[in-house]
Structure formats: C-alpha cells, structure tokens
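First comes the structure, then the notes that go with it.
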Amino acid sequence: MLYFLVVYVGPVVVAGVSLLLLYFMKSSKEMPKNWDEFITEAWFQVHGIRGLAEDRINARYNVVELTKQPPGRIALMTGGNRGIGLEIVKKLLECNMTVVLGVRNVEGSRKAIGREIPEEKTAGKLFLEQLDTGSMKSVQKFATVIKKKYNKIHVLINNAGIMAAPFALTEDGFESQMAINYLGHFLLTHLLLPEIIAAGSIEKNSRIVNVSSCVHLMGRIDYDNFNGKKSYYGATAYNQSKLAQVLFTKHLQAALVARGAPVQVHAVHPGVVDTDLFVYSSSTVIPWFKKLFFKNPEQGSRTVVYAAISPRLEGKGGSYLSNCRLHRTHSMAKDKNACEKLFDFTREMLKIDDFFHSPQISM
C-alpha cells in the first residue's frame with residue numbers, strides 16, 4: 001500500500017499541486033492565449049519558484065549594515081512611497097542621508113509616508129518631487145528641478161516599476177512597462193549623470209542602483225517588437241524590461257570606467273516580495289500564499305540598500321546582486337556587443353546624442 005502511494009499517487013498529487021499553483025500564481029489574471037504565452041508563463045513560474053527557494057536558502061546572507069553616512073550625502077530614488085521603496089527610505093534616513101523621492105502623487109505619497117515614518121525622522125531629511133518615469137517629459141521636468149536644487153547626487157536608485165501590466169502605450173508611444181521600468185530611468189540617469197559624477201571621489205564612488213528581477217534571466221531583447229505592437233504578453237514585456245536594466249548596468253559601468261568616472265553601477269534583484277507589484281497577477285486570489293512564502297518589504301529592501309551604501313562593494317561596480325551577494329546573470333550581460341547594441345538603440349530612441357554629456361534642459 002505504501003509503495004502504491006509513493007510510486008503512483010505521490011507524483012499525481014505533486015503534479016496537481018503544481019498545476020494549481022501555476023493557475024493561481026500566474027503573472028496575469030488571464031490565461032495564456034497560445035503556446036508561446038503558455039511556455040513563457042511556465043518558465044516565469046519556474047524562475048519565480050527558484051527565486052523563492054534561493055531567498056530561503058540564502059536568507060542568512062540577506063543582511064545589510066546601516067552604517068552612518070557623512071553629513072550632506074544625497075540619495076535620490078524613484079518611487080518609495082510604499083512597499084520596498086518605503087523600507088529603503090527608512091534605512092537611508094537611519095544612515096543619516098538626505099532622501100529625495102520622485103513620486104507620481106506628491107501629497108498622497110507624503111500622507112502615506114507620514115503614516116509609517118515619524119515626522120521628526122523626516123524633517124529636513126526627506127523631500128518629494130513629482131515624477132512619472134513613464135513620461136519622458138515628466139522625467140525631464142523632474143531632472144530640471146533636481147539639478148537646480150542639488151549639485152551632487154551620491155546615490156541614484158532607479159526603483160519605480162510595474163509588472164505584467166495589460167498592454168498600453170505611453171504618451172511617447174512606448175510600451176508602458178518598458179517606459180516605466182527602463183526608458184524613464186535610462187533618461188533620468190543621463191540627465192543627472194553630471195551631478196552623480198560630481199559626488200564621487202577616488203576614495204568613495206557615487207552609486208547608481210537599478211532594481212531588476214530574477215526573471216530577467218528568461219528575458220530577450222526583441223528589437224523588432226520592442227514596444228509590443230506586433231504581439232504582447234505582459235510577462236514577456238516585463239522580462240524584457242528587466243533584462244534591459246541589467247544590460248544597461250553592464251554597459252554603463254564599462255563606459256564610466258573607461259572615462260575614469262568615480263561612479264559604480266549595480267543591478268539588484270530584491271527577492272520575490274509581497275508588494276503591490278503583483279496587482280495584475282492571479283496571486284491576489286490566494287494572498288495567504290504570498291504572506292507565507294514571499295519576502296516582506298523590509299527583507300526585500302536590504303539588497304537595494306546594500307548596493308547603495310555597503311563599503312564591501314566599493315570598486316565592484318557592474319555587478320548583479322541578490323540577497324546581498326553576487327549572483328548569476330543572463331548570458332547576454334557577458335556580451336559587450338549585446339550590451340552596447342541595446343545602449344545605442346535606447347539612446348537613439350530617446351534622441352540622446354551623447355549620453356555622457358547632459359545638456360541644459362529647457363521646458
């Protein structure tokens with residue numbers, strides 16, 4: 001009887017549970033419509049489950065020391081009014097940094113942050129400015145405001161993002177996930193690069209942190225369908241945008257080193273974290289699963305802060321991190337030509353002649 005249960009019943013139960021999880025943990029609330037989408041969804045879940053397992057196995061490494069920073073150091077982050085971003089804000093403030101957030105709704109974000117962080121901890125240390133990374137006009141306007149107020153930016157955290165959203169084009173004609181997750185951050189980094197370079201020194205580099213995802217490993221850059229106009233699946237577009245962040249990280253670091261700029265760039269997978277990022281996912285049907293197995297936002301914030309301030313990473317730019325450790329990345333990230341191709345493609349798409357020369361912005 002035991003043999004029958006182990007050999008015959010066991011695999012059926014495991015397969016059934018796996019299919020159940022696949023149904024309820026889909027990147028989208030809708031079922032895949034064709035074979036390609038089904039395969040993408042299946043691999044999305046494989047990488048997600050692998051990410052969950054790695055988060056558990058490497059939990060002991062997911063630790064960041066909140067060392068006090070010298071006075072006057074500026075950290076600028078996109079997003080940050082909730083989830084992982086809010087926990088990053090708490091940690092950076094604890095490190096004695098001045099934190100500037102680019103958020104869509106300034107007043108709403110101020111109230112949300114006020115409910116979580118005592119006013120005495122934010123007074124004179126936390127500032128909010130309006131920013132929608134999905135709008136290139138908004139990015140330019142935000143950069144203009146920042147450049148007038150700050151001549152040095154010690155840390156830039158490109159954090160804002162959405163996942164597996166329904167198809168939509170922005171006002172600039174870009175697919176929304178690509179615009180919010182990657183293109184807006186590419187443009188913002190370009191516009192603020194002089195201030196970031198100015199903040200670095202031989203002893204202590206300034207830093208750029210791009211918040212990516214473990215599913216970048218299954219991404220591919222489809223130049224013929226970059227904005228999803230020919231065919232679209234939310235998970236495919238998300239994977240592509242997160243891979244783009246990693247390739248951008250690699251090429252930007254190499255270019256900065258070649259120019260002798262005191263800046264280091266990191267890409268980060270914060271972990272599989274229970275946040276509003278999953279708003280379009282079917283996982284909202286069984287929220288207890290996320291509470292039980294996913295990281296909480298505080299745990300998800302640690303690797304981002306580690307990349308932003310840890311002295312252990314000094315001089316080790318161009319890396320991809322997970323659970324405060326170096327982690328394997330996509331094979332394309334090792335291909336200098338592939339990284340440069342995407343960089344130039346993006347630069348031309350955004351009409352940037354020289355990425356390393358930021359002109360005065362006129363609005």
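Every number in this text was worked out from the coordinates using simple rules, so none of it is lab data. Note that this is a predicted model, so its numbers are computed, not measured. Backbone-built Cβ (ideal geometry, glycine too); neighbour counts: all protein chains shown.
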With a point put 7 Å past each Cα toward its Cβ, work out how far Val145 is from Glu340 in nm, to one decimal. 3.8 nm
Between Glu94 and Val46, with labels modelled 7 Å along Cα→Cβ, what's the label distance in nm to one decimal, could you check? 3.8 nm
Between Glu119 and Glu298, what FRET efficiency follows from the Cβ-Cβ distance if R0 is 22 Å, with the result rounded to 0.05? 0.60
Starting from the Cα of Lys33, draw a straight line to each of the aspartates and glutamates and keep only those under 17 Å, dropping any in the same chain fewer than 8 residues away. Glu41
Using a ≥ b ≥ c from the Cα gyration tensor of the range 169-214 (square roots of the eigenvalues), is it rounded, prolate or oblate, where a/c under 1.5 gives rounded and otherwise the larger of a/b and b/c decides, a/b for prolate? oblate
Rounded FRET efficiency, nearest 0.05, which uses the C-beta distance separating Lys351 from Arg325 and R0 of 25 Å: 0.05
Please give the net charge around Gly72, taking every other residue with its beta carbon less than 12 angstrom from that of Gly72, where Lys and Arg add +1 and Asp and Glu add -1. +3
Give me the number: length gained by fully extending Asp224 to Phe38, i.e. 0.36 nm times residue separation minus the C-alpha to C-alpha distance, one decimal in nm. 64.8 nm
P(r), alpha carbons of the range 31-104 - 10 Å bins starting at zero, rounded %: 16, 26, 26, 22, 8, 1
